[in-house]
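In what follows, a single structure is set out as structure tokens and then discussed.
Read the figures in this text as sums done on the coordinates, not as results from a lab. Because the structure is predicted, anything quoted here is derived from the model rather than measured. Cβ: placed from backbone, ideal geometry, glycine included. Neighbour counts: every protein chain shown.
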Amino acid sequence: LISPSTMWLCLQFHDAFTFLTHTYAVDRLPALVERFFVTPAHHRVHHDVRVHKNFGGIFIIWDVMLGTFLDEDEY
């Protein structure tokens with residue numbers, strides 16, 4: 001349904017975004033980004049074994065809407 005070059009571009013974006021969310025080199029991003037997208041701060045909460053929150057892959061807004069969001073500063 002889509003061209004191979006479009007698929008390749010989407011996979012490259014996904015890999016770059018995954019690397020960004022898994023890095024500890026980035027502390028907090030601007031508030032507008034943190035409001036809608038998964039950021040390293042949100043993803044650190046996701047990997048904490050004590051809580052089961054922040055399941056979104058790209059958009060954190062789904063966790064906010066479904067009540068599964070927890071900010072890094074709140075726990």
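Which of these, V38, V64, V51, has the largest mean-square fluctuation under a Gaussian network model of the chain (Cα springs below 10 Å)? Highest fluctuation of the listed residues: V51. Among the trypsin sites (Lys or Arg not before Pro) within the chain, those in coil by DSSP and having at most 13 neighbouring Cβ atoms inside 10 Å are R28, R50. Taking label positions 7 Å along the Cα-Cβ direction at both R50 and S5, the computed distance is 5.1 nm, reported to one decimal.
Return the FRET efficiency for the residue pair A25, Y75: r is the Cβ-Cβ distance, R0 is 22 Å, and the value is rounded to the nearest 0.05. Please report the intermediate quantities before stating the final value.
Details: r = 21 Å, r/R0 = 0.97.
With R0 = 22 Å, the Cβ-Cβ based efficiency is 0.55.
Along region 27-44 the Karplus relation, 6.51 cos²θ - 1.76 cosθ + 1.60 evaluated at θ = phi - 60°, assigns HN-Hα couplings of 8, 10, 9, x, 4, 5, 5, 5, 6, 10, 10, 5, 10, x, 5, 5, 6, 4 Hz to successive residues, with x for each Gly and Pro. Couplings for region 10-20, taken from phi via the Karplus curve 6.51 cos²θ - 1.76 cosθ + 1.60 with θ = phi - 60°, read 5, 5, 5, 4, 4, 5, 5, 5, 5, 4, 4 Hz in order; Gly and Pro are left as x.
Compared with the rule-of-thumb size 2.2 N^0.38 Å for a compact globular protein, the chain has a Cα radius of gyration ratio of 1.21.
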